[in-house]
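The values are calculated or read from the model by the stated rules, or taken from the named source; none is laboratory data. Remember, predicted model here, so these are calculated numbers, not experimental data. Here the Cβ positions follow ideal geometry from the backbone for every residue, glycine too, while neighbour counts run over all protein chains shown. What goes into the accessible areas is simple: the full protein's heavy atoms, side chains included, and nothing from ligands, DNA or RNA. Shrake-Rupley method; radii C 1.70, N 1.55, O 1.52, S 1.80 Å.
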Amino acid sequence: MAFDYGKYIRPGKLPHIWCPGCSYGIVFKSLLRAVDAQGLDPDDIALVSGIGCASRLPGYVDFNTLHTTHGRALAFATGLKMAKPDKHVLVVSGDGDATAIGGNHFIHACRRNIDITLLVFNNFIYGMTGGQYSPSTQPGRFASTMPYGNVDFAFDIPALATGAGATFVARGTAYHAAALDKLIVDAMRHRGFSVVDIVNACPTTYGRRNKFKSPTDMLLWMKDAFVPAAAYAKLSPDEAAGKFPMGVLHRVDGKPEFCEAYYGMVERLKS
Amino acid sequence: MTRVKLLQGNEACAEGALYAGCNFFAGYPITPSTEVAEHLARKLPRSGGVFLQMEDEIAAMAAVIGGSLAGCKALTATSGPGFSLKQENLGFAMLTEIPCVVVDVMRGGPSTGVPTGPGQSDIMQCRWGTHGDHPSICLTPAYVEEIFSETVRAFNLSEKYRTPVIVAFDEVVGHMRERIEIPEPGAIPLVGRPRPTCPPSEYLPYDDSRGDVPPMANFFEGYRYHVTGLNHGPDGFPVNASPRIHTDELRLLRKVEGNRGDIVRFAEHRLEDAEVAVFAYGICGRSAKTAVDQARSEGIRAGLFRPLTVWPFPEEQVAALSGRVRRIVVPELSLGQIVLEVDRCAKGRCAVEGIHRVDGDPITPAQILARIREAL
Ligand code: SF4
């Protein structure tokens, strides 16, 4: 039976603002399937975002939704989660939103290991403002503010999250949508801070400048370039050139989760 | 348990917050406001509340808004550069009408300035700090006991009008220790946010058809709705280039400006027959009181108008005062901010003269007395 997306979408709020060929719609659907697979009550979910193309997503979904300021979604989400630790708090963010202006909140949410799931819609560019380079734009790529090719370096977002202390770190792509459903489910079920770096296609401001003739080319690039982590580990350096691992890249179970640690202290003080 | 205590201003602020039902604090260490956080770091976990030291000032403001949206009474406290960093999210709380209280313990100077000295030069930032048109409620206590009661009032106003409220006091009052009698629980009535009575299916989070303050549902209560920092319609969803934006921004302003009678509070001292008035708040208000009493003992008919609410500005009161006195003297720890408001409201009916000092020390009663004498 076809999946009923309609039950999670607010009446009258579509069509979305995303461009034709944008892969965000694919990821949006994956997110809804992942939530559905867990059988969660929409009343118990908060979906929080910052600013950017991805950050418009919460408006379409019939959860408790909060569209905040640029880069700050995780900090707002931390407030919600600490106030209501038994609820599910999800954050959607772009690469610029999460790791440039929001970089400080990103690393500290990782360090704190608060039970929030962050989905980074990583399209290597600032889409909404028209294609400026971001902290995840690879060297040599083109952007409106790197018209001669990017001379700056890129973050490896999963490595950043791992280094900062996140206890569940995964990478998926818009092409591998079915696998993405499972990554989002596992990320949300994980008790602690979870990050899913989701590779996305922005044909409008990134693809055009970077020799992707069509949105399909961008998806095909994902198909070729992203390899399951176990297979990636077996590649020779030559074979690994231009390829990236995907799937669950880092997982630690048993590190105390922040809300549990805090409310554990509250309980101890009562006695 | 004795309710009489010797408390520092910053501690009284924290105690006032707890009295008001504050159960959520997020902050970042900064002089001279840190004791507010330290006090709450000890108290809040004991009462099951949330205390968060965030990674920066911006995150603290954001977390406070998140906490409030989930139903908590939420507070942050800061100073100087920290207050500048709060501004963007303060504007978010104003536009999205999420109650919260922001304490600004004012220090001197732009930039790092004089972290350990008092200042009052944030007062226009309290009014206009975030970008765009917006309302502002800002309370300015001058005594430790007043810091307590005005912090309680800040929570009440914030909840009642669904808007952030700033409590601004200077470093001297923040660090001063004074006797304070903590009121019995219930002695000061507490106000909660207006709550929806309709079923979730009919809930419009920004419905202004029944008044300027729409009822507020908290997240996770079954009223699933959208909150955005974009200008929005009654349903909370973004609107673009709509007449609604204009009328809604007027409503936001009106819910504060239109309730001056409820929000504006002030203290008068020996103003009845005054020829010279001093308009002063915070530590300057205390120096001014001494100066006025000394002037009276010299036979000079001087009086003091001390606002406890600086924003919205006590326009009517200052206008009336300007018609009764020859001169209004305005001592302030800035190079001339609130004096402009006094002048605006006096409309030339009397002379208005500032005394300004920004070297990290308070304005003394002698300085004010000298200007009172000159006035005659
Ligand atoms: S600009 Fe790029 S990321 Fe934004 S909606 Fe268009 S294609 Fe998608």
Quiz item: Considering only strands (runs of 3 or more DSSP E) fully contained in segment B:67-173, which possess at least 1 residues that are over 30 Å from A:L80 (Cα atoms)?
Solution: B:100-108, B:114-118, B:164-170
Quiz item: What tally of residues in segment B:44-88 results from selecting those that are among the aromatic types (F, W, Y) and within 17 Å of the chain's Cα centre (by Cα)?
Solution: 1
Exercise. Among the residues of segment A:234-271, write down those that are touching a Lys or Arg at 6+ places or on another chain (Cβ under 7 Å) and within 14 Å of chain B (Cβ to nearest Cβ).
Key: A:F258, A:C259, A:L269
Exercise. Those residues that are at the interface with chain B (Cβ under 7 Å from one of its Cβ atoms) and among the β-branched types (V, I, T), I need them from segment A:56-68; list them, please.
Key: A:T65, A:T68
Self-check item: Those residues of segment B:212-254 which are buried (at least 20 other Cβ atoms within 10 Å of the Cβ) and away from chain A (no Cβ under 12 Å), in sequence order
Solution: B:P214, B:M216, B:L252
Quiz item: If you check A:A174 against the conditions, is it within 13 Å of the ligand (Cβ to nearest atom) and either away from chain B (no Cβ under 14 Å) or in contact (Cβ under 8 Å) with a residue 40 or more places away in the chain (or both)?
Solution: yes
Quiz prompt | Single residue of segment A:20-55 satisfying the filter (more than 23 Å from A:G71 (Cβ to Cβ) and within 10 Å of the ligand (Cβ to nearest atom)) that is farthest from the other protein chains (Cβ to nearest Cβ) | solution = A:G21
Quiz item: Out of (1) within 13 Å of another protein chain (Cβ to nearest Cβ); (2) within 16 Å of the ligand (Cβ to nearest atom); (3) buried (at least 17 other Cβ atoms within 10 Å of the Cβ); (4) without any contact (Cβ under 8 Å) to a residue 40 or more places away in the chain, what's the single condition that is false for A:A77?
Solution: (2)
Quiz item: Would segment B:218-231 turn up any residue that is touching a Phe, Trp or Tyr at 6+ places or on another chain (Cβ under 9 Å), assigned to a strand (DSSP E or B), under 21 Å from B:C100 (Cα atoms) and free of Cβ contacts under 8 Å to residues at least 24 places away in the same chain?
Solution: yes
Self-check item: Odd one out for A:A164 among (1) within 27 Å of A:A109 (Cβ to Cβ); (2) within 15 Å of the ligand (Cβ to nearest atom)
Solution: (2)
Quiz item: Among the residues of segment A:2-18, is there at least one that is touching a strand residue (DSSP E or B) at 6+ places or on another chain (Cβ under 9 Å) and charged (D, E, K, R)?
Solution: yes
Quiz item: at pLDDT below 95 and either surrounded by fewer than 24 Cβ atoms within 10 Å (Cβ to Cβ) or more than 26 Å from A:R72 (Cβ to Cβ) (or both), is that true of B:T34?
Solution: no
Exercise. Read through the list (1) open to solvent by 10 Å² or more (accessible area, probe 1.4 Å); (2) closer than 24 Å to A:Q38 by Cβ; (3) within 9 Å of chain B (Cβ to nearest Cβ), then give the number of the only condition that A:R111 fails.
Key: (2)
Quiz item: Picking from B:G49, B:G80, B:G66, B:G71, which residue would you name as being at the interface with chain A (Cβ under 10 Å from one of its Cβ atoms) and open to solvent by 10 Å² or more (accessible area, probe 1.4 Å)?
Solution: B:G71
Exercise. Confirm whether A:I157 is within 15 Å of the ligand (Cβ to nearest atom), under 19 Å from A:I107 (Cα atoms) and in contact (Cβ under 8 Å) with a residue 60 or more places away in the chain.
Key: no
Quiz item: Filter segment A:20-68 for residues that are β-branched (V, I, T) and open to solvent by 10 Å² or more (accessible area, probe 1.4 Å); which is nearest to B:M61 (Cα to Cα)?
Solution: A:I51
Quiz item: Restricting attention to segment A:9-19, and to residues there that are open to solvent by 20 Å² or more (accessible area, probe 1.4 Å) and more than 22 Å from A:T205 (Cβ to Cβ), which single residue is nearest to the ligand (Cβ to nearest atom)?
Solution: A:L14
Self-check item: Subset tally (residues that are away from the ligand (no atom under 16 Å from the Cβ), more than 10 Å from every other protein chain (Cβ to nearest Cβ) and not aliphatic (A, V, I, L, M)) for segment A:84-98
Solution: 0
Exercise. Taking the residues in segment A:137-154 that are out of contact with any helix residue (DSSP H, G or I) (no Cβ under 6 Å at 6 or more places or on another chain) and within 16 Å of the ligand (Cβ to nearest atom) as candidates, determine which candidate is nearest to A:M188 (Cα to Cα).
Key: A:T137
Quiz item: Taking the condition surrounded by fewer than 23 Cβ atoms within 10 Å (Cβ to Cβ) and at the interface with chain A (Cβ under 10 Å from one of its Cβ atoms), does B:G91 pass?
Solution: yes
Practice problem: Would you check if there is a residue in segment A:118-136 being away from chain B (no Cβ under 14 Å), open to solvent by less than 10 Å² (accessible area, probe 1.4 Å), away from the ligand (no atom under 16 Å from the Cβ) and in contact (Cβ under 8 Å) with a residue 24 or more places away in the chain? | Solution: yes
